[in-house]
Amino acid sequence: MVRCRYPKARVLIFLPIANPAFDRLLGGLSVFIMNPSPEMNIEYVANLARLALTDAEKTRFSQQLGEILHYVEKLKQVDVTGVEPMAHASPVFNVWAADVPVDGLSVEKALQNAPSQRDNLIAIPKVME
Amino acid sequence: MTEELIFKSVAELATLLETGKVTSVALVKAFIARTQAVDGRVKAFNSRDEANALALAHASDERRTQGQARGPLDGIPIGFKDVISVDGQPLTCSSKMLANYVSPYDATVTEKLKAAGAIPWGRLNMDEFAMGSSTENSAFGATANPWDLTRVPGGSSGGSAAAVAAGEAPVSLGSDTGGSIRQPAALCGIVGLKPTYGLVSRYGLAAFASSLDQIGTFARTVEDAAIVLGAIAGHDSRDSTSFEIKTGIPDYRTELKKRAGPWRLGVPKEFFGQGLDPEISTSVRQAIDFYRKSGCEIREVSMPFTSEYAVAAYYIIATAECSSNLARYDGVRYGHRSANATNAIDLYFKSRAEGFGEEVKRRIILGTYVLSSGYYDAYYLRAQKVRSLIRDEFMRVFQDCDALLSPTTPTAAFKIGEKAADPLSMYLSDIYTIGVNLAGLPGISIPCGFTKAEGAWWGDKELPIGLQIIGQPFRETDLLAIAHRYEQAHDWHQRHPTL
């Protein structure tokens with residue numbers, strides 16, 4: 001199994017320690033702080049992505065993503081000094097829509113795919129206790 | 001009659017319709033019958049609305065009777081990759097997340113094709129959210145390659161390619177983020193065109209990686225691809241990356257026949273290196289020889305940067321954009337909502353865990369990681385800079401070349417399941433197509449031969465091989481003319497799988 005190392009990992013470790021509220025927000029991070037690992041911390045990343053993973057997925061993804069990250073390490077060989085990053089390939093910039101009102105979706109159409117609705121609103125579980 | 005119709009080109013079908021030799025209703029019925037006969041084995045379709053297609057065919061026949069036919073696509077059925085919105089029809093992206101989603105509006109390409117009289121015919125299977133190269137990553141099961149049902153049709157637009165190859169639709173739409181039109185076209189022995197980024201509106205296309213995604217077309221012939229491109233290209237204010245060509249959209253169909261070359265064609269030597277199947281190398285080199293003999297100037301060019309770094313840069317940029325784009329699937333406004341969530345935050349975690357398949361989760365994790373604090377500069381920003389260098393390399397070779405010739409894929413269609421457990425080897429199957437998306441260029445794959453079925457007694461079958469032609473930005477007319485020149489002198493496109 002190929003694993004790769006992340007020299008910048010320390011930056012990530014110190015950031016939340018300085019900010020307890022942020023730490024609470026990212027529950028999975030505590031594992032990372034107690035057990036700094038040279039590998040991708042899959043629980044921390046899954047938490048950022050709001051994605052629940054099974055233990056089997058965590059194990060499998062860690063290994064597969066380790067191999068993929070090892071492969072993309074080759075980008076570090078490239079001298080990118082002075083190179084502008086390219087966000088997209090279209091030669092258009094700062095596109096503004098004309099300030100003209102247009103019809104949007106009707107209430108009926110906007111709600112037709114809502115998993116749950118009540119009184120023309122999308123219903124979700126309680127947010128506040 | 002059915003057998004005669006299902007493998008005809010759109011240009012031929014349009015003539016039959018114009019001269020009254022066939023009606024749109026008869027045509028649609030022929031494709032319905034063919035689909036019912038073979039799709040149980042090919043599994044190209046996620047859903048289809050036969051009643052709706054027949055109603056639109058009736059309307060087309062009515063128009064024609066009244067002398068109001070709208071052009072070559074009027075009355076022609078066209079398949080849609082299940083990632084492009086058709087008002088009132090399902091849009092699943094082959095994901096459990098959108099299993100019950102119904103489009104509340106038309107994509108711009110759908111509007112344009114309907115206005116041209118074309119008939120949306122079914123929604124075609126794909127890798128979930130267009131992430132994959134084999135159409136195995138579909139929540140609704142894999143699509144088979146019509147040339148050999150034990151093999152993949154390629155992906156992510158595998159259903160769109162298989163449907164055309166199997167005679168279930170005369171043309172279809174797909175989307176191409178890293179090769180998702182050209183690679184399945186090559187593996188299924190048909191034409192696949194990915195236009196320049198910005199030429200075709202992406203409004204109504206479910207986003208995977210927005211800076212790379214482009215809608216394009218599958219067809220039996222280059223002329224058919226030109227007909228469909230002419231109908232869907234053009235500026236759209238609803239897509240802020242849409243580009244307005246000041247001179248207007250060319251009449252691709254007419255222009256491609258007017259241009260006879262000769263062209264200066266570059267052959268990137270690194271695209272013929274290690275990993276390329278010898279039979280594919282031979283077929284593509286024969287195609288290059290054809291161009292040389294027809295008076296084109298063939299130049300060997302070197303693109304070390306693209307061949308070495310494109311896949312790595314792509315999988316950082318594409319996964320970063322996918323992790324951002326797919327954040328919208330949170331179980332709140334539409335899509336799958338978990339029944340087991342205990343609170344609003346838990347709803348996100350569980351809805352996404354239940355709704356997304358394995359490859360999508362893997363890419364969301366990777367994309368989230370490369371964008372996360374502390375890693376952004378090392379991965380994402382660096383990949384964007386490498387992307388600039390890759391585009392520069394293409395632009396440098398285009399100073400001396402009108403277009404580039406290469407294989408579309410390193411191997412012919414592989415077995416279903418062969419690469420499923422090894423994501424990296426699957427990613428590397430896009431090695432020749434990915435640079436084109438990073439640079440935003442147009443590319444086309446056309447059939448240029450078949451592998452030999454040496455083990456025919458063992459069940460081996462001849463498999464199609466694709467020639468990729470890469471063009472300069474917004475110069476689709478030249479790209480199509482170059483492809484058309486080869487097609488006119490060969491008959492690969494007239495061979496069809498036996499099903």
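If you go through segment B:291-316 and keep only what is in contact with a strand residue (DSSP E or B) (Cβ under 9 Å, 6 or more places away or on another chain), away from chain A (no Cβ under 14 Å) and not acidic (Asp, Glu), you end up with B:TYR291, B:ARG292, B:CYS296, B:ILE298, B:ARG299, B:VAL301, B:SER302, B:MET303. Annotation: of all residues in segment B:340-371 being at pLDDT 95 or above and part of a loop (DSSP other than H, G, I, E, B), the one that is farthest from the other protein chains (Cβ to nearest Cβ) is B:GLY357.
Checking the conditions here, which among B:ILE78, B:ILE32 is surrounded by 15 or more Cβ atoms within 10 Å (Cβ to Cβ), in a strand (DSSP E or B) and at pLDDT 95 or above? Give the steps one after another, and end with the answer.
Working: B:ILE32 fails: in a strand (DSSP E or B).
Of the residues listed, the single one that is surrounded by 15 or more Cβ atoms within 10 Å (Cβ to Cβ), in a strand (DSSP E or B) and at pLDDT 95 or above is B:ILE78.
Contact map, segment B:44-71: residues that are within 18 Å of B:VAL102 (Cβ to Cβ) and hydroxyl-bearing (Ser, Thr, Tyr) paired with residues that are outside any helix (DSSP H, G or I) and at pLDDT 95 or above, Cβ distance under 6 Å, separation 6+ or inter-chain. Pairs shown: B:SER47/B:PRO90; B:SER47/B:ARG123. Taken together, B:LEU428, B:LEU424 contain a single residue that is free of Cβ contacts under 8 Å to residues at least 60 places away in the same chain, among the hydrophobic types (A, V, I, L, M, F, W, C) and either assigned to a helix (DSSP H, G or I) or in contact with an Asp or Glu (Cβ under 9 Å, 6 or more places away or on another chain) (or both), which is B:LEU424.
Taking the criterion of being within 30 Å of B:MET426 (Cα to Cα) and more than 7 Å from chain B (Cβ to nearest Cβ), the residues of segment A:71-107 that qualify are A:GLU73, A:LYS76, A:GLN77, A:ASP79.
Can you find a residue that is outside any helix (DSSP H, G or I) and farther than 19 Å from B:ALA142 by Cα anywhere in segment B:45-63? Reasoning before the result, please.
At the first step, the residues of segment B:45-63 found to be outside any helix (DSSP H, G or I) are B:45-49.
Applying the additional criterion that residues be farther than 19 Å from B:ALA142 by Cα yields B:49.
Yes, segment B:45-63 has at least one match.
Of everything listed in (1) aliphatic (A, V, I, L, M); (2) outside any helix (DSSP H, G or I); (3) touching a helix residue (DSSP H, G or I) at 6+ places or on another chain (Cβ under 7 Å), the single unmet condition for B:ALA481 is (2). So for segment B:437-458 (the condition being free of Cβ contacts under 8 Å to residues at least 12 places away in the same chain, under 25 Å from B:PRO184 (Cβ atoms), more than 11 Å from chain A (Cβ to nearest Cβ) and among the aliphatic types (A, V, I, L, M)), does at least one residue qualify? Yes, segment B:437-458 contains a residue that is free of Cβ contacts under 8 Å to residues at least 12 places away in the same chain, under 25 Å from B:PRO184 (Cβ atoms), more than 11 Å from chain A (Cβ to nearest Cβ) and among the aliphatic types (A, V, I, L, M).
Residues of segment A:57-107 that are closer than 23 Å to B:THR368 by Cβ, of a type outside the set (A, V, I, L, M) and assigned to a loop (DSSP other than H, G, I, E, B): A:PRO85, A:HIS88.
Considering only residues in segment B:383-393 that are without any contact (Cβ under 8 Å) to a residue 40 or more places away in the chain and either buried (at least 19 other Cβ atoms within 10 Å of the Cβ) or at the interface with chain A (Cβ under 8 Å from one of its Cβ atoms) (or both), the one that is nearest to B:LEU212 (Cα to Cα) turns out to be B:SER388.
If we scan segment B:434-451, do we find a residue that is under 30 Å from B:GLU223 (Cβ atoms) and modelled with pLDDT under 90? Within segment B:434-451, not a single residue is under 30 Å from B:GLU223 (Cβ atoms) and modelled with pLDDT under 90. Selection of first residues in segment B:270-298 that are more than 22 Å from B:GLN399 (Cα to Cα) and of second residues that are of a type in the set (A, V, I, L, M) and assigned to a loop (DSSP other than H, G, I, E, B), restricted to Cβ pairs under 7 Å at least 6 apart or on distinct chains, gives the following pairs, ordered by first then second residue: B:ASP277/B:ALA412; B:ILE280/B:ALA412; B:PHE290/B:ALA489. Might you check whether a residue that is exposed (fewer than 10 other Cβ atoms within 10 Å of the Cβ), in a loop (DSSP other than H, G, I, E, B), within 9 Å of chain B (Cβ to nearest Cβ) and aliphatic (A, V, I, L, M) occurs anywhere in segment A:108-125? Within segment A:108-125, none of the residues are exposed (fewer than 10 other Cβ atoms within 10 Å of the Cβ), in a loop (DSSP other than H, G, I, E, B), within 9 Å of chain B (Cβ to nearest Cβ) and aliphatic (A, V, I, L, M).
Specify which of the listed residues (B:ALA378, B:ALA403, B:ALA413, B:ALA421) is under 25 Å from the mean Cα position of the chain (by Cα), within 14 Å of another protein chain (Cβ to nearest Cβ) and not acidic (Asp, Glu).
On the way: B:ALA378 fails: under 25 Å from the mean Cα position of the chain (by Cα); B:ALA403 fails: within 14 Å of another protein chain (Cβ to nearest Cβ); B:ALA413 fails: within 14 Å of another protein chain (Cβ to nearest Cβ).
None of the other options fit; the residue is B:ALA421.
Does A:SER30 fit the bill of being at pLDDT below 90, more than 7 Å from every other protein chain (Cβ to nearest Cβ), surrounded by fewer than 18 Cβ atoms within 10 Å (Cβ to Cβ) and under 24 Å from B:GLU358 (Cβ atoms)? It is false that A:SER30 is at pLDDT below 90, more than 7 Å from every other protein chain (Cβ to nearest Cβ), surrounded by fewer than 18 Cβ atoms within 10 Å (Cβ to Cβ) and under 24 Å from B:GLU358 (Cβ atoms). The set of residues from segment B:478-499 being under 26 Å from B:ALA44 (Cβ atoms) and touching a strand residue (DSSP E or B) at 6+ places or on another chain (Cβ under 9 Å) comprises B:LEU480, B:ALA483, B:GLU487, B:HIS490, B:TRP492, B:HIS493, B:ARG495, B:PRO497.
The values are calculated or read from the model by the stated rules, or taken from the named source; none is laboratory data. Bear in mind the structure is a predicted one, so any value in this text is a computation, not a measurement. Neighbour counts are summed over all protein chains in view; Cβ atoms, including those assigned to glycine, are modelled from backbone coordinates with ideal geometry.
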